[in-house]
Every structure is written in C-alpha cells, then in structure tokens.
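Taking it in order: structure first as structure tokens, then the write-up.
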C-alpha cells in the first residue's frame, strides 16, 4: 500500500454503511472537519430541478465552461449530500473547466432503487433543457461519479441509450460498484480493506435494492449489450472490492466498440483520494480533471 495512505488507516472510522444513521453522522462530521473548498473563479448556486419529487443540485460554474458534468456522489447509496460532496465537486470544476452539477439524490434504504437513478436521470434531462442557461453546448454534457455515484452514472448512460434520452458525451466511473453478485476475485477476497469491504458492499446493496432483484440499471455489469454507450474513463483502486468488476466492465465496453481509458491506481484503497495530502491522491484528482477537460473540449 502507498506509504502516505497507510499512515492514515488507523485514523479511519471502522463503521461502514451497515447502519445508515451512524454512517451519515460520521460522513457529515468528517466533511465538516475539512476546510471549505476553494471556489475562486467559480459561480456556486443551489438550484431545484423540477421532478417527482424535485431534486436539489448545486452548480459549480467556471467562467465560460467547456461543458457540463452531472456529478453523482458516493456513499453506498445511503450517505452523502451537497455539503459532503463539495470537497470533490468544487475542485473538479476548477480542474476540468466544466460546470459541475452536483446531485442530491434520494438515499436508501428510505428510498430504494430506482429512486436515486430517477433523480439522476431527471437532472440529466434538466441539464440538457437548460444548457443555454448554463452556458454550455448540449452536445458536451457528461455524467460521472464515485463508487455508488459511478454506479448511477453507468446506469444513466444505459437508460439514456435504451430510452433514446438526452445524449451523453462521456462517462466517468471512479471506483464504481457495478455488480451485485460479488463473484470477482477482489469482491470475494478483500474482506478487511479500509472503508470498503465485502460486508460493507453487501449491506449497501441490500439497502439499495431492498427486496427487488437486480436489473442492469441497478447493477450495470448485468447488462448484456454495452454497445452504443459514450466513451468512458474507468478508474480503480488496487485494494478495493470493486476493483475487478471495474476492470472487467472497462474491457467489456472496449469489446463493444466503446472508447475507454482504464486507470488502475496502485497502492490505493476505496475512497483514499479523500486523503488529499497524499501525492497519489493529488495525481488521481488531477487525472480526473484532465480527462474531463479533454473529453469536453470542442
């Protein structure tokens, strides 16, 4: 493991998402303890997207944005908010030059699948309808996210393709959870990795799915046909139960004719990019910003 990251492991909370109430409290406290992100050069605005129910978003808009990305936070579908996600969304807007639309989707288990997906899709549709207002070309709107948020981003691309919905120019999947079956080597063997373990994944999926069977929109790895999807950037962490399904999904996208950049970050674990003092975390965030900047270029 990366030595800078390893030094932080004793300080990390032991609880995962097995108890959503506990996880939300810990997640909010950790976010509140961090300094507010630098929003110099960004216009930050809270908006409400009309839907059923309405969806709150926070838009981070640079001057003359190159495009927009509908950004979906991680947290096992059970934790996370606009406030906790500001530490990712604001730097991403600055690095990419894109308008980042951070989505406050409904959380499980109170709102199981497909509530979060419906919210994400509603925001994508709204972004296209309001592209001129956002100052972006409607042909340069991407989706992206981390962990459960990356799951939602992948699902949104499938749904938009299947329903002939708003076009998506790019998908960014960072440490995505894509498969409910937990049969990959990493899912079966990483039982004590930091933040994310086999048991934490199982609890998150249980909260998200409830009593419903998994469909490709809930677990995109179940999709039989990945053709016709937008180009992708897929990033995986070495010590993450999600690792192998991310790699396999990237290869399947490539075999289906989708342009893919796959980046495996050695020495990292799930969510370790939040430890921004580590050099590898800084390189990860810079890479995500750079790939979005390239993808949204005219």
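The values are calculated or read from the model by the stated rules, or taken from the named source; none is laboratory data. Everything quoted here is computed from the prediction, not taken from an experiment. In this analysis, Cβ positions are derived from the backbone assuming ideal geometry, glycine residues included, and neighbour counts consider all displayed protein chains.
Below is a table of values for the structure above.
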| quantity | calculated |
| --- | --- |
| Condition check for residue 126: buried (at least 20 other Cβ atoms within 10 Å of the Cβ) and either touching a strand residue (DSSP E or B) at 6+ places or on another chain (Cβ under 7 Å) or without any contact (Cβ under 8 Å) to a residue 40 or more places away in the chain (or both) | yes |
| Complete set of residues in the range 66-79 that are in a loop (DSSP other than H, G, I, E, B) and touching a helix residue (DSSP H, G or I) at 6+ places or on another chain (Cβ under 7 Å) | 66, 73, 74, 75, 76, 77, 78, 79 |
| Among residues of the range 169-197, those that are crowded, with 17+ Cβ neighbours inside 10 Å and farther than 28 Å from residue 230 by Cβ, counted | 5 |
| Only one of 45, 29 that is out of contact with any helix residue (DSSP H, G or I) (no Cβ under 9 Å at 6 or more places or on another chain) and at pLDDT 95 or above | 45 |
| Qualifying residue in the range 57-65 (condition: free of Cβ contacts under 8 Å to residues at least 12 places away in the same chain, at negative phi and not in a helix (DSSP H, G or I)) | no |
| Test: residue 250 is assigned to a helix (DSSP H, G or I), at pLDDT below 95, out of contact with any helix residue (DSSP H, G or I) (no Cβ under 7 Å at 6 or more places or on another chain) and within 27 Å of residue 78 (Cα to Cα) | no |
| Matching option when the condition is under 21 Å from residue 281 (Cβ atoms), under 15 Å from the mean Cα position of the chain (by Cα) and at pLDDT 90 or above, among 98, 93 | 93 |
| Criterion (in contact with a strand residue (DSSP E or B) (Cβ under 6 Å, 6 or more places away or on another chain), modelled with pLDDT of 95 or more and not in a strand (DSSP E or B)) met by exactly one of 266, 230 | 230 |
| Residue within the range 290-297 that is in contact (Cβ under 8 Å) with a residue 60 or more places away in the chain, touching a helix residue (DSSP H, G or I) at 6+ places or on another chain (Cβ under 6 Å) and either in a strand (DSSP E or B) or more than 27 Å from residue 169 (Cβ to Cβ) (or both) present | no |
| Residue 46, sole failed condition from (1) closer than 30 Å to residue 118 by Cβ; (2) loosely packed, with under 13 Cβ neighbours inside 10 Å; (3) more than 20 Å from the chain's Cα centre (by Cα) | (3) |
| All positions within the range 138-165 that are in contact with a strand residue (DSSP E or B) (Cβ under 7 Å, 6 or more places away or on another chain) and farther than 15 Å from residue 99 by Cβ | 145, 146, 149, 150, 152, 153, 154, 156, 157 |
| Residues of the range 87-113 that turn out to be touching a residue at least 12 places away in the same chain (Cβ under 8 Å) and surrounded by fewer than 20 Cβ atoms within 10 Å (Cβ to Cβ), as a count | 7 |
| Selection status of residue 4, surrounded by fewer than 21 Cβ atoms within 10 Å (Cβ to Cβ), more than 30 Å from residue 297 (Cβ to Cβ) and in contact (Cβ under 8 Å) with a residue 12 or more places away in the chain | yes |
